[in-house]
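Asker: There's a structure below that I have some questions on.
The values are calculated or read from the model by the stated rules, or taken from the named source; none is laboratory data. What you see is a predicted model; the values in this text were computed from it and never measured. Heads up, the Cβs are rebuilt from the backbone with ideal geometry, glycines too, and the neighbour counts pull from every protein chain shown.
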């Protein structure tokens with residue numbers, strides 16, 4: 001110390017701007033890696049397929065319960081032809097406009113099969129609709145009474161390469 005000068009050194013606590021930018025960059029890279037690893041689009045598609053699997057089972061079970069309660073008679077809007085499928089819904093035309101999970105368009109009837117009056121409230125809360133493409137008019141679920149008097153329900157718009165989601169009893 002010269003001439004009575006007092007020197008004090010202060011150490012500053014904290015991060016420099018460069019250190020903060022490096023940390024933010026690392027966090028950004030980790031976030032991007034996690035997003036790619038998790039793949040939310042795939043997870044949503046898997047969830048929609050799970051909903052479709054449950055919906056086709058629910059419709060089959062509802063029809064079987066209806067038949068049990070009504071002396072083995074099918075709901076009135078299911079036709080007796082094993083070669084024709086009906087889209088579930090309220091539309092009276094256009095239900096054969098697009099293919100359904102490998103069912104040829106010519107096997108689909110023009111009018112949808114409206115099972116609301118037979119199944120809703122007693123056996124189902126509502127007629128299920130495809131979680132991605134379904135509407136009340138055309139649910140994108142098809143139903144068929146097979147030649148062996150079984151009920152088959154098919155989800156038309158499965159995702160992720162799943163060829164057919166169906167239930168038959």
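Asker: Scan the stretch 104-118 and tell me whether some residue there is closer than 21 Å to residue 69 by Cα and in a loop (DSSP other than H, G, I, E, B).
Answerer: yes
Asker: So, one more: With 138, 96 as the choices, which residue is under 17 Å from the mean Cα position of the chain (by Cα), without any contact (Cβ under 8 Å) to a residue 60 or more places away in the chain, surrounded by 17 or more Cβ atoms within 10 Å (Cβ to Cβ) and part of a loop (DSSP other than H, G, I, E, B)?
Answerer: 138
Asker: Within the stretch 48-63, identify whether any single residue is surrounded by 10 or more Cβ atoms within 10 Å (Cβ to Cβ), more than 20 Å from the chain's Cα centre (by Cα), in a helix (DSSP H, G or I) and modelled with pLDDT of 95 or more, and answer yes or no.
Answerer: yes
Asker: Look at residue 19 and say whether it is part of a helix (DSSP H, G or I), surrounded by 10 or more Cβ atoms within 10 Å (Cβ to Cβ) and more than 21 Å from the chain's Cα centre (by Cα).
Answerer: yes
Asker: Mind checking whether some residue in the stretch 111-130 is within 30 Å of residue 42 (Cβ to Cβ), touching a helix residue (DSSP H, G or I) at 6+ places or on another chain (Cβ under 6 Å) and exposed (fewer than 14 other Cβ atoms within 10 Å of the Cβ)?
Answerer: Within the stretch 111-130 (the criterion being within 30 Å of residue 42 (Cβ to Cβ), touching a helix residue (DSSP H, G or I) at 6+ places or on another chain (Cβ under 6 Å) and exposed (fewer than 14 other Cβ atoms within 10 Å of the Cβ)), the answer is no, since none of the residues qualifies.
Asker: May I pose another question? I'd like the residue in the stretch 22-40 that is closer than 30 Å to residue 160 by Cα and modelled with pLDDT of 90 or more and, out of all such residues, is nearest to the chain's Cα centre (by Cα).
Answerer: 31
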